[in-house]
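One structure below.
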Amino acid sequence: MTAIPNSLGDYLSDLNSATSAEDCMTVTRRHVGRLGFQNVVFAYVQREEHRRNELKDYLRYSSIPKAWENRYREMEYQNHCPIYREGLRGGSLPMIWQEIWDRTEMSLAQQQMVDEAGELGVVHGVTIPVMAPNGDRCGIGISTDLNDAEAGQVIEAQLPQVFLMSHHLYTVITERFWNQRNVQEVPRLTASELDCLHWVAEGKGTWEISEIQGISENTVKYHLRNILAKLDANNRAAAVAKAFRLGLLLP
């Protein structure tokens, strides 16, 4: 099987060498830095019925400047932040911060919040929400201190890469360091399912895979449904991340 191109393979290799969740964050920050970003935030919230001793109710890792995080809590900016509210709605699509602000008629409190965040370089970024199969939620925020125009260009160019990296980060942290499962059963995928999954990892869509494989789009969708079910994944990105983790795909 061919290797996944560009720096994603390097990131996966470094991520798999991490020895703790903190190491995962350090690796991720280093790699997103090469793409034009500065800071990474990882927040995981369990549903109440899932809360047990082995995992805290709320887990957070962040490289955002402490001065801004303290100010955010002190001023209770979460009550005014449209990005925070958008995240509470769930979903799985990336949330580009500037797009959310563009459709928000800012109040004085919100303008103050943006001005203060700007002084510390935490205005532009993207949040990748991840919904666990059991309903737990995770949000991964990646920010840049570039100016408006440059930040927009970087986010547009690197969003697919950041999206995949975020799902890999989520998978490695939750499965290797939180759940502490020493032995994990590897699902059995058919040759056709593995082929489809490989092309998904290469960034191909349903129609493209059908053309490459010489099969119908419905057949591709059938294989993908089976893949999601076998890997207990909510979407294709999550399935690819888990497949790498289990050794079903090679970086």
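Only one residue in THR26, THR2 is among the β-branched types (Val, Ile, Thr), open to solvent by 30 Å² or more (accessible area, probe 1.4 Å) and modelled with pLDDT under 90, so which one is that?
THR2
Scan segment 159-180 and tell me whether some residue there is hydrophobic (A, V, I, L, M, F, W, C), farther than 30 Å from GLN98 by Cα and open to solvent by 70 Å² or more (accessible area, probe 1.4 Å).
Looking through segment 159-180, none of the residues is hydrophobic (A, V, I, L, M, F, W, C), farther than 30 Å from GLN98 by Cα and open to solvent by 70 Å² or more (accessible area, probe 1.4 Å).
Could you run through segment 127-156 and say how many residues are exposed (fewer than 13 other Cβ atoms within 10 Å of the Cβ) and touching a Lys or Arg at 6+ places or on another chain (Cβ under 9 Å)?
2
Conditions tested, residue by residue: (1) assigned to a loop (DSSP other than H, G, I, E, B); (2) of a type in the set (S, T, N, Q); (3) modelled with pLDDT under 85.
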| position | (1), (2), (3) |
| --- | --- |
| ARG71 | no, no, no |
| GLY87 | no, no, yes |
| GLY90 | yes, no, yes |
| TRP101 | no, no, no |
| THR104 | yes, yes, no |
| VAL122 | yes, no, no |
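What are the pairs, 6+ residues apart or on separate chains, where a residue within segment 71-85 that is farther than 10 Å from ALA109 by Cα has its Cβ under 8 Å from a residue that is part of a helix (DSSP H, G or I) and open to solvent by 70 Å² or more (accessible area, probe 1.4 Å)?
Final answer for the pair search is GLN78/TYR84.
Quickly run through segment 90-132 and pick out the residues that are among the polar types (S, T, N, Q) and within 20 Å of GLU69 (Cα to Cα).
Across segment 90-132, the qualifying residues are GLN98, GLN110, GLN111, GLN112, THR127.
From the list GLY214, GLY205, exactly one residue is more than 26 Å from LEU59 (Cα to Cα) and within 21 Å of the chain's Cα centre (by Cα). Which is it?
GLY205
Given the conditions (1) under 12 Å from MET165 (Cα atoms); (2) at pLDDT below 90; (3) in a strand (DSSP E or B), report the number of the one that VAL40 does not fulfil.
It fails just one condition, (2).
Test LEU93 against the criterion of being more than 18 Å from the chain's Cα centre (by Cα), open to solvent by 30 Å² or more (accessible area, probe 1.4 Å) and under 23 Å from TYR61 (Cβ atoms), and give yes or no.
no
For VAL200, are the conditions met, namely being without any contact (Cβ under 8 Å) to a residue 60 or more places away in the chain and either of a type in the set (A, V, I, L, M, F, W, C) or crowded, with 19+ Cβ neighbours inside 10 Å (or both)?
Judged against the criteria, VAL200 is a match.
Might you let me know whether segment 107-126 holds any residue that is exposed (fewer than 13 other Cβ atoms within 10 Å of the Cβ), in contact (Cβ under 8 Å) with a residue 40 or more places away in the chain and not charged (D, E, K, R)?
So far as segment 107-126 goes, no, none of its residues is exposed (fewer than 13 other Cβ atoms within 10 Å of the Cβ), in contact (Cβ under 8 Å) with a residue 40 or more places away in the chain and not charged (D, E, K, R).
The values are calculated or read from the model by the stated rules, or taken from the named source; none is laboratory data. Just so we're clear, the structure is a prediction, and the values are computed from it rather than from any experiment. When we count neighbours, we look across all protein chains shown, and the Cβ atoms used for this are built from the backbone with ideal geometry, even at glycine. With ligands, DNA and RNA removed, areas are computed over all heavy atoms of the protein, side chains included. Shrake-Rupley method; radii C 1.70, N 1.55, O 1.52, S 1.80 Å.
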